[in-house]
1. Quick check on my filter: what residues within the range B:72-86 are of a type outside the set (G, A, S) and either outside any helix (DSSP H, G or I) or in contact (Cβ under 8 Å) with a residue 60 or more places away in the chain (or both)?
2. Looking only at the range B:257-274, decide whether some residue is over 30 Å from B:T348 (Cβ atoms), over 18 Å from the mean Cα position of the chain (by Cα) and in a helix (DSSP H, G or I).
3. Looking only at helices (runs of 4 or more DSSP H) that lie completely in the range B:492-600, which have at least 1 residues being under 19 Å from B:V105 (Cβ atoms)?
4. Taking the options A:Y178, A:Y150, name whichever one is within 12 Å of chain B (Cβ to nearest Cβ) and under 22 Å from A:C31 (Cβ atoms).
5. In this structure, is A:G103 surrounded by fewer than 22 Cβ atoms within 10 Å (Cβ to Cβ), more than 14 Å from chain B (Cβ to nearest Cβ), of a type outside the set (D, E) and part of a helix (DSSP H, G or I)?
6. In the range A:43-54, how many residues are outside any loop (DSSP other than H, G, I, E, B) and within 10 Å of A:F133 (Cα to Cα)?
7. Out of the residues in the range B:91-119 that are closer than 15 Å to B:L171 by Cα and among the hydroxyl-bearing types (S, T, Y), which is surrounded by the most Cβ atoms within 10 Å (Cβ to Cβ)?
8. Taking B:V258 and the conditions (1) within 13 Å of chain A (Cβ to nearest Cβ); (2) surrounded by 23 or more Cβ atoms within 10 Å (Cβ to Cβ); (3) at pLDDT 95 or above; (4) farther than 24 Å from B:D502 by Cα, which numbered condition does it fall short on, given that it satisfies the others?
Amino acid sequence: MSEAVTHAEHHTSTGVDNRMLMMWIFLASECLFFGSLISTYLIYQGESLVGPLPGELLNIPITSASTFVLLMSSVTMVLAVYGAQHKEFLMMKLNLLATIILGTIFLGFQVVEFTEFVHHGLLLSTNQFGSSFYLLTGLHGTHVGIGVIYLISLLIGSSRRNGLGKDAGLNLEIAGLYWHFVDIVWIVIFTIIYLIPS
Amino acid sequence: MATATTSMSQSHQKSGVWDWLTTVDHKKIGVLYGVSGFSFLLLGGIEALLIRTQLAVPNGTVLDAELYNQLFTMHALTMIFMAIMPMGASFFNYFIPLMIGARDVAFPRLNALSYWIFLSGALILTSSFIFGGAPDGGWFAYAPLSSEDYAVGRAMDFYTVGLVVLGLSSLMASLNFAVTIINMRAPGMTMMRLPVFMWMTIVVNFLLILSLPVITVALAQLYFDRNFATNFFSPAQGGDPILWQHLFWVFGHPEVYVLILPSMGIISEVLPVFSRKPLFGYAAIVFAGVAIAVLGFAVWSHHMFTTGLDTVPKIVFSASTMAIGVPTGIKIFNWLGTMYGGQIRFTTAMYFSVSFIALFTIGGISGVMHGSPPIDTQQQDTYFIVAHLHYVLFGGAIMGIFAGIYYWFPKMTGRFLNETLGKINFWLMFFGMNLTFFPMHFLGLSGMPRRVYTYDSGFGWDAWNMVATIGSYILAFGILIFLFNFFKTMRQEPTAGNNPWDGATLEWATSSPPPEHDFDVIPEVRDRDPLWYDRDNNIQQPEPPEENHIHLPPPSYMPLIMGFGVALIGIGALSHLAMTGLGVAVVIYSIWGWVLEPID
């Protein structure tokens with residue numbers, strides 16, 4: 001279902017809804033944001049003067065599990081958008097709830113991981129790995145957290161008497177764009193930090 | 001649901017303080033940006049005058065080294081982020097909807113929020129003067145000048161926090177403007193019929209959207225280095241100060257085009273109107289502007305030729321830098337081609353526009369000179385660079401902004417700025433600026449370094465420094481004449497009709513000043529110069545209906561509250577965590593208020 005149909009009453013020059021267009025352009029900006037953080041991580045790879053080093057700390061199996069959780073949340077997000085666009089609101093709400101839970105589990109994994117690393121002596125200030133790792137994954141986690149709050153707001157909004165109104169499909173689709181983007185960024189981060197040996 | 005019922009002549013005259021605080025009208029927000037930007041231009045000008053007074057004679061004693069460092073840093077930050085950018089944003093705000101034939105920007109409340117966050121950031125950064133001293137590490141804040149070892153105290157934290165807040169404002173505004181121009185054009189207004197000013201606006205906003213995140217990351221890293229003991233830029237623990245320079249200039253060079261492209265757009269509107277000819281080579285000018293933006297992301301390391309780059313990057317960045325001269329040259333020849341054979345009317349706006357071409361060309365040529373690494377190695381950190389950048393930013397950006405002020409003043413207020421005073425204003429600024437900045441070429445070539453708070457006699461620098469200082473006072477006097485002209489004009493009756501200059505673009509199709517809803521009937525665009533096309537083909541403007549029911553977004557105080565919340569977060573980052581928490585609470589409250597507020 002195209003945006004023009006769901007949102008026909010607000011005519012735009014391109015046919016794309018204003019908010020949708022803004023989210024796309026905003027995500028372009030976010031690419032540069034994470035690009036700068038990832039560049040910093042890559043530049044400082046192997047530059048730490050003292051340990052602990054990534055090889056001693058990174059737990060690939062556990063992070064693979066948390067990555068799987070985040071990827072599954074994209075599946076439920078797609079289903080939630082589908083539900084909203086086809087007026088199957090129960091399906092939308094259940095999948096929205098599932099996405100929120102999966103996102104929260106991912107954040108839980110991150111909290112456990114950070115706690116573990118701190119326990120092993122890796123602080124923000126310990127070495128270049130600590131600085132660039134915490135800043136990159138921390139800001140990604142912040143994005144997931146904002147996404148979770150965003151989706152909770154939509155869930156609460158959809159429980160009102162009028163639900164999300166006639167824009168339900170559009171609202172979910174815009175939120176979905178953001179959610180999938182944050183997911184894709186994580187795939188890049190996971191590959192670069194965990195999978196490619198330094 | 002807010003319904004503004006208006007007839008042709010009647011517009012809502014609201015001007016109370018509450019109305020300004022809660023407005024979501026793009027024209028009022030444009031005025032707010034303009035007035036704030038001009039105020040900061042005056043502040044930055046005073047900072048510059050103090051610098052020039054100190055340097056007038058050898059071994060000057062007006063300022064000490066510490067204050068001098070603060071002043072040259074704040075002069076740059078004030079002029080770039082708080083004067084030129086908001087004055088550009090002022091024109092974007094006021095004229096985007098009017099030039100594309102829309103009733104407002106795509107997100108009116110977000111637009112108001114951008115302004116309030118801008119004001120917060122500007123006040124936070126400027127308030128550093130009274131809270132223990134302003135940033136003194138240069139606007140570029142190279143490590144280790146900015147590290148906690150060498151910049152003790154809060155000054156450089158004001159820099160990081162202030163710039164992040166200002167950047168947030170710019171990002172929001174840019175997203176809003178980009179969506180507005182792409183999505184809210186009047187029927188018939190295809191992309192290749194957009195006024196060139198609108199094209200340059202799109203280019204500027206995409207430059208900001210793609211470069212601001214980079215500086216945001218760099219500023220976050222610097223803030224973490226200073227406050228949480230990370231080591232991004234301190235070599236002792238494995239950090240690399242050069243990384244800051246790369247991140248800074250990946251933002252900083254596109255930022256240069258953010259400052260100059262609005263003025264290029266403005267004179268592309270002024271020159272055709274006062275030459276009574278359509279713009280020569282519209283497509284070439286548009287694509288040259290886009291090419292400048294694309295190339296602008298590939299030249300940043302020319303600021304770093306002396307940091308020990310390898311030969312290959314030096315060659316690449318040198319070549320890309322010189323390549324930018326090509327689209328710039330295309331624009332200059334097209335402007336000349338627009339005037340060639342035209343019936344030129346020498347109004348003040350035209351004076352400023354023509355001087356833009358001349359002065360910007362001088363700055364552009366010296367720019368290509370230090371695109372060459374060996375020459376740059378000689379000129380790095382000398383007054384030659386100061387001369388170059390002021391020819392581009394004063395001779396270019398500011399002259400263009402003044403062209404815009406004189407050109408659009410009748411539209412914004414219904415009143416003409418006095419032309420005689422305008423020409424006095426122009427000549428004083430023109431002579432003053434050349435007298436100030438041209439001698440700096442000679443000073444630089446004879447080796448005078450930038451950013452020294454004083455110098456000894458006997459290097460042959462004395463005479464030119466005195467000349468430059470005299471020039472700066474003449475320049476300042478020219479600005480005073482402008483202020484006098486402004487206040488004098490505002491006391492007069494509005495006499496400008498809809499289209500006093502016989503302009504070609506849509507903003508001249510509505511009344512001066514425009515009604516709150518901009519257009520009684522959304523215009524239909526049939527040509528690149530719609531008003532000239534309608535005039536030449538005897539197409540009458542459609543009669544406005546007797547009663548007009550136009551839905552306008554109602555005023556809202558949520559942007560103001562959210563702006564206040566962002567300010568609290570910023571202040572918290574400089575003082576106490578509790579303040580940040582309070583700020584977050586205010587922002588969350590205002591987001592909920594924002595979402596639940598009825599808007600239509």
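The values are calculated or read from the model by the stated rules, or taken from the named source; none is laboratory data. Every value quoted in this text rests on a predicted model; they were computed, and no experiment measured them. Neighbour counts are summed over all protein chains in view; Cβ atoms, including those assigned to glycine, are modelled from backbone coordinates with ideal geometry.
1. In the first step, residues of the range B:72-86 are kept if they are of a type outside the set (G, A, S); the result is B:72-75, B:77-82, B:84-86.
Across the range B:72-86, the qualifying residues are B:F72, B:T73, B:M74, B:L77, B:M79, B:I80, B:F81, B:M82, B:I84, B:M85.
2. At the first step, the residues of the range B:257-274 found to be over 30 Å from B:T348 (Cβ atoms) are none.
Checking the range B:257-274: not a single residue is over 30 Å from B:T348 (Cβ atoms), over 18 Å from the mean Cα position of the chain (by Cα) and in a helix (DSSP H, G or I).
3. Working: elements: B:530-536, B:558-574, B:577-596.
Fully inside the range B:492-600 and qualifying: B:558-574, B:577-596.
4. Values: A:Y178 fails: within 12 Å of chain B (Cβ to nearest Cβ).
Exactly one of A:Y178, A:Y150 is within 12 Å of chain B (Cβ to nearest Cβ) and under 22 Å from A:C31 (Cβ atoms), namely A:Y150.
5. Numbers: surrounded by fewer than 22 Cβ atoms within 10 Å (Cβ to Cβ): no; more than 14 Å from chain B (Cβ to nearest Cβ): yes; of a type outside the set (D, E): yes; part of a helix (DSSP H, G or I): yes.
The answer is no for A:G103.
6. From the range A:43-54, those outside any loop (DSSP other than H, G, I, E, B) are A:43, A:54; that's our starting set.
Pick out the ones that are also within 10 Å of A:F133 (Cα to Cα) and you get A:54.
So the answer is 1.
7. B:S114
8. (1)
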